[in-house]
Amino acid sequence: MISGDTIDLYASKIVVAAGPWSDELIAKDTPRSLKRLRPTKGVHIVYQGTISTNAFLLQSRQDKRIFFVIPFKGNSLIGTTDTDYDQGPDDVKVEEEDIRYLLQEASRVFPNITLNARKLFPPLPD
Ligand SMILES: Cc1cc2nc3c(=O)[nH]c(=O)nc-3n(C[C@H](O)[C@H](O)[C@H](O)COP(=O)(O)OP(=O)(O)OC[C@H]3O[C@@H](n4cnc5c(N)ncnc54)[C@H](O)[C@@H]3O)c2cc1C
């Protein structure tokens, strides 16, 4: 990278430690290699204001997954989701469905608070 030169390296073993990019990297060397990963997307959202001063470990009713509601710098961290995602680690986006899932599940546990997507931090673009 520094000089722009290309050099050959030799090794008996190569460890690929590229996390969610591992399949992409291996495919550059072996285009027909089997995929090794089953990537998933984990979304957290930051909700304006303190939903509770305590941290909660909760179980979702929809899919029985564990998620958290945690006070975070005057706001509340809610998450995570964990959904299959095979569109590449560089293109991960939060989708409306992710937000709806987290707000629905958190609302169920805090029925006295009306959680809505307009109170995310930072606010969603119009
Ligand atoms: C928001 C979030 C919360 C998480 N929370 C938890 C948790 O609470 N508990 C838990 O156990 N796990 C958690 N994880 C998962 C955990 O972070 C990963 O499982 C872990 O970091 C994977 O480590 P890794 O070394 O395999 O890959 P990574 O940490 O992803 O490292 C891969 C590295 O390879 C580099 N790279 C990619 N392509 C190339 C290339 N072509 N050439 C050179 N370098 C390359 C990348 O830049 C990166 O630095 C969380 C992940 C996220 C995103």
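How much accessible area per residue does the chain have, counting only protein heavy atoms and a probe of 1.4 Å, in square angstrom?
On the way: 9900 Å² over 126 residues.
Dividing the accessible area of the chain by its residue count gives 79 Å².
To one decimal place, what orientation-averaged projected area in nm² is obtained for the convex hull of the Cα set of the chain?
On the way: hull surface 49.6 nm².
For the chain, the mean projected area of the Cα convex hull comes to 12.4 nm².
For the chain, which whole percent of the accessible surface, found with a 1.4 angstrom probe, sits on carbon and sulfur atoms?
Result for the chain: 55 percent of the exposed heavy-atom area is carbon or sulfur.
Lysine pairs in the chain with alpha-carbon atoms under 18 Å apart, 8 or more places apart or on different chains: how many are there? Don't jump to the answer; show the numbers that get you there.
Numbers: 13/28; 41/64; 41/93; 73/119.
Lysine pairs meeting the criterion: 4.
Mind ranking 26-34, 48-56, 79-87 by how tightly packed they are, going by the mean number of other C-beta atoms within 10 angstrom, highest first? Working shown, then result.
Numbers: 26-34: 9.4, 48-56: 12.9, 79-87: 15.3.
Most protected by this proxy first, the peptides run 79-87, 48-56, 26-34.
How high is the relative contact order of the chain? Use alpha-carbon pairs under 8 Å, at least six apart in sequence, and give a whole percent. Don't skip to the end; give the middle numbers.
Numbers: 150 pairs, mean separation 28.7, N = 126.
Across the chain, relative contact order equals 23 percent.
If Lys and Arg each add +1 and Asp and Glu each add -1, what is the summed charge of the other residues whose beta carbon sits under 14 Å from the beta carbon of residue 51?
On the way: positive: 73, 108, 119; negative: 105.
Computed value for this residue: +2.
Summing -39500 (n - 2.57) over the DSSP H runs of n ≥ 4 in the chain and dividing by its residue number, what mean residue ellipticity at 222 nm do you reach, to the nearest 500 deg cm²/dmol? Could you put the intermediate results ahead of the total?
On the way: 2 runs with 22 residues, N = 126.
Rounded to the nearest 500, the figure is -5500 deg cm²/dmol.
What whole-number distance in Å separates the alpha-carbon centres of region 1-39 and region 88-126?
36 Å
Listed highest first by mean packing, meaning other Cβ atoms within 10 Å per residue, what order do 62-69, 98-105, 110-117 come in?
Values: 62-69: 13.9, 98-105: 18.5, 110-117: 12.1.
Ranked by mean Cβ neighbours within 10 Å, highest first: 98-105, 62-69, 110-117.
For region 60-107, what is the per residue volume of the convex hull drawn over the alpha-carbon atoms, in cubic angstrom? Show your work: numbers first, answer last.
Values: hull volume 4.6 nm³, N = 48.
In region 60-107, the Cα hull volume divided by residue count equals 96 Å³.
The values are calculated or read from the model by the stated rules, or taken from the named source; none is laboratory data. In this text the structure is predicted, and so the values were computed from the model without any measurement. Note: ideal-geometry Cβ built from the backbone for every residue, glycine included; neighbour counts use all protein chains shown. Only protein heavy atoms, including side chains, enter the accessible area calculation; ligands, DNA and RNA are left aside. Shrake-Rupley method; radii C 1.70, N 1.55, O 1.52, S 1.80 Å.
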